Amino acid sequence: MTKLFALVPPLVLLTLSAADPARAASFACDKAGTPDETAICAHLPLNDMDVEMATRFAILKDVLPMGGQTKLRDDQETWLKERHACGADLACLRGLYETRLKVLRGVLAEFAKQGPQ
């Protein structure tokens with residue numbers, strides 16, 4: 001488990017640096033079909049936030065215990081509905097990403113504090 005924590009920062013950096021410019025982490029930009037997806041693909045800061053969010057989500061869903069995974073997925077589904085409701089409103093999208101990233105960063109930080117189990 002200790003090795004997992006040592007690998008998280010390099011994995012995040014590798015994932016962020018290897019992102020295909022035509023693709024945000026959670027969906028293919030060339031298939032963006034909603035205003036929120038189109039806005040994310042068109043604005044690099046939002047695209048970067050999406051990459052980070054998807055990366056942190058993927059890490060957490062693999063390391064959290066079962067109950068934590070269920071809550072994580074449920075919260076993500078709720079968040080995606082909220083994101084969709086923003087449409088192409090960049091301020092709305094930015095605010096949602098900032099809030100979600102703060103939560104995911106906090107969960108990962110708390111998990112890391114627990115150390116190896």
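Values computed for the structure shown
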| quantity | calculated |
| --- | --- |
| Additional length obtainable on full extension of the chain from Ala42 to Met66, 0.36 nm per residue less Cα span | 5.1 nm |
| Interchain or long-range residues, amide H under 5 Å from Gly87's placed H | Asp36 |
| Protection proxy ranking, peptides 96-102, 73-79, 49-55, average beta carbon neighbours within 10 Å, highest first | 49-55, 96-102, 73-79 |
| Gain in span if fully extended, Ala85 to Ala58, counting 0.36 nm per residue against the direct Cα distance | 7.4 nm |
| Estimated inter-spin distance, Ala112 and Arg94, nm [label 7 Å along Cα→Cβ] | 2.6 |
| Label-point separation, Val103 to Asp75 (7 Å along Cα→Cβ), nm | 0.6 |
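Every number here is computed from the coordinates shown, using simple stated rules; none is lab data. As the structure is a computational prediction, the values presented were derived from the model and not from experiment. Note that we place each Cβ from the backbone using ideal geometry, even for glycine, and neighbour counts take in every protein chain shown.
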